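K.L.:
Take this structure, written in structure tokens, and hold onto it; I'll ask about it next.
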Amino acid sequence: MVSALTRFALLIGLALIAAFITLEVWSAQWAIPLGIFIISAPPIYSYINLARLKKYILSDSLEKMSLPSGYWEEVLFRLQRLIKNQKQKLLTIERQHNTFIEAFQASPNGLVMLDENDQIEWCNSIAEQFFGLIYKRDVMQRINFLIRRPEFIQYFTKRNFEEPLLMERMGPSSSISVMLQAFPFGQKRHLILVQNVTDLQKADAMRRDFVANVSHEMRTPITVLMGFLETVQSLDLPKDQQDQYFEMMMAQAIRMKSLVEDLLTLANLESNSLPAITKPVHIKTLMALLKNDVEALSMGRHSFTFEALSQQDLLGDEREVLSAFSNLVSNAIRYTPDAGLIDVKWSFNAEDGQGEFSVTDTGPGIAAEHLSRLTERFYRVDRSRSRDTGGTGLGLAIVKHIASRHQAQLIIESTPGRGSTFMLRFPKERLIPITHPA
Ligand code: ADP
């Protein structure tokens, strides 16, 4: 401020000196206009600067304006610094805002922000999908005018947001379930959180089905067992009839044992860590074990061929691989009528480098509509046939599980009336050249 006044005084002083020199040196006719010019110079200078200032303000580029000298320099310098700081602050706020928006957009859950009148202020793209909203179109629209499902309107009318609301069949696909809840915040505003719970709902339904199935499977042999026990207890039966009943009781007990064993196998598969990729499974040893087991199970009723055509061993868990292979072979034995033929083969496909274990039988075969469901727990094509042969309905579910733990594929080909082939294809990463001569 002081320097500006000093400059102003200097300017006036210079003007007076100039007027004096002019009066003295030049003729009086030039002195007046020159004096006027000198006196009016500062306001003209100010006016020019004001005009420039206006131009730069209007084009929002004040910081580009070159600094004039004198008093204007300080004013403008401060103004430019103020604007630069404000712009910097605005930029920081904008960046933070964008980061929040990006974070909310990245959320797997839908988010809708409502103002105090339940009008949509903002929503992310997941919420757009769930509710069929279009943000640009629906912004500042009341949410209950846009989502017309009765349960949603009721939820919003009651305004009891303590509990979430489950809505079925939303959006373009008719089979999704969403869970939503409104959370109050700020001044009577609400944030709606929407979550896709389709998979959770499915898992829950599967768990309920599984418990119901297990209970049903267990109840049947227990009921039969109790019936026999009551009969043996209450009636004075001859020895041979008693023995017959005990045999039947034993069969039911074995059935329960198999069921419990299969359930435990599944539980272990689900809880154990993945089998190591470094442990070799010697296929020829495994085939020899398998051969002994199946011959005992078949009791000479079928003909078998066992071939290990590949010079490759497997990397994985020996117990799991044996369990998968023997489930497939025991199915072939159980479903193939007497005198049927069963081929068990381990081969290598040089083209894709995959190893394949296959079991082919001449049994009843399976109709195409059942094939995709065979690996579901307790799914059977013929319930009574499965039970008669001691099936638990869990064998192929176990095989499928073991296959996926070894990155293998279970492939089923079958022709009703002619037989079936069950194949397990292992990727080349799971194979190593034979290390152990069997
Ligand atoms: P189960 O204990 O009932 O055999 P699985 O899970 O092993 O249960 O098999 C599921 C169903 O697939 C069986 O109930 C049966 O209907 C059918 N199945 C499995 N293997 C064969 C086969 N080799 N031939 C014909 N049907 C089969």
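The values are calculated or read from the model by the stated rules, or taken from the named source; none is laboratory data. This is a predicted model, so every value here is computed, not measured. Cβ coordinates were reconstructed from backbone atoms using ideal geometry, including for glycine residues, and neighbour counts include every protein chain displayed. In case anyone asks, the SASA skips ligands and DNA or RNA and just uses the protein heavy atoms, side chains included. Shrake-Rupley method; radii C 1.70, N 1.55, O 1.52, S 1.80 Å.
K.L.:
Here are some conditions: (1) more than 15 Å from the ligand (Cβ to nearest atom); (2) within 31 Å of the chain's Cα centre (by Cα). L309 meets all but one. Which one does it not meet?
P.N.:
(2)
K.L.:
Kindly indicate whether P108 is loosely packed, with under 12 Cβ neighbours inside 10 Å and not in a helix (DSSP H, G or I).
P.N.:
yes
K.L.:
So, in region 148-177, exactly how many residues are touching a helix residue (DSSP H, G or I) at 6+ places or on another chain (Cβ under 6 Å) and modelled with pLDDT of 90 or more?
P.N.:
2
K.L.:
Identify the single condition in (1) within 14 Å of the ligand (Cβ to nearest atom); (2) surrounded by fewer than 18 Cβ atoms within 10 Å (Cβ to Cβ); (3) of a type in the set (S, T, N, Q) that N331 does not satisfy, given that it satisfies every other one.
P.N.:
(2)
K.L.:
Shifting gears a bit: Being in contact (Cβ under 8 Å) with a residue 24 or more places away in the chain and among the aliphatic types (A, V, I, L, M) is the filter; apply it to region 92-115 and report the residue that is nearest to V197 (Cα to Cα).
P.N.:
L111
K.L.:
Further question on the same structure: Given L264, L259, L286, L297, which one is open to solvent by less than 60 Å² (accessible area, probe 1.4 Å), within 46 Å of the chain's Cα centre (by Cα), within 16 Å of the ligand (Cβ to nearest atom) and not aromatic (F, W, Y)?
P.N.:
Of the residues listed, the single one that is open to solvent by less than 60 Å² (accessible area, probe 1.4 Å), within 46 Å of the chain's Cα centre (by Cα), within 16 Å of the ligand (Cβ to nearest atom) and not aromatic (F, W, Y) is L259.
K.L.:
Still on this structure, I have one more. Filter region 355-408 down to the residues that are of a type in the set (F, W, Y) and either near the ligand (Cβ under 10 Å from one of its atoms) or within 29 Å of the chain's Cα centre (by Cα) (or both) and list them by number.
P.N.:
Within region 355-408, F378, Y379 qualify.
K.L.:
To continue, here is another question. For region 331-341, does any single residue satisfy the condition of being over 42 Å from the mean Cα position of the chain (by Cα) and either at pLDDT below 90 or in a strand (DSSP E or B) (or both)?
P.N.:
Yes.
K.L.:
For region 67-100, which positions are closer than 30 Å to C123 by Cβ and of a type in the set (D, E)?
P.N.:
E94, the sole residue that qualifies.
K.L.:
Sticking with this one: Could you tell me whether region 368-386 includes any residue that is in contact with a Pro (Cβ under 8 Å, 6 or more places away or on another chain) and closer than 27 Å to S273 by Cβ?
P.N.:
Among the residues of region 368-386, not one is in contact with a Pro (Cβ under 8 Å, 6 or more places away or on another chain) and closer than 27 Å to S273 by Cβ, which makes the answer no.
K.L.:
Would you mention how many residues in region 269-283 are touching a residue at least 60 places away in the same chain (Cβ under 8 Å) and surrounded by fewer than 11 Cβ atoms within 10 Å (Cβ to Cβ)? Can you show your working first?
P.N.:
So in region 269-283, the residues touching a residue at least 60 places away in the same chain (Cβ under 8 Å) come out as 269-270, 274-275, 277, 280, 282-283.
The next check asks that each one be surrounded by fewer than 11 Cβ atoms within 10 Å (Cβ to Cβ); those that pass are 270.
Total satisfying the criteria: 1.
K.L.:
Filter region 392-421 for residues that are small (G, A, S) and without any contact (Cβ under 8 Å) to a residue 60 or more places away in the chain and give the result.
P.N.:
S404, A408, S414, G417
K.L.:
Now a separate question. Given the conditions (1) in a helix (DSSP H, G or I); (2) open to solvent by less than 100 Å² (accessible area, probe 1.4 Å), and given that Y47 satisfies all but one, which numbered condition is not satisfied?
P.N.:
(2)
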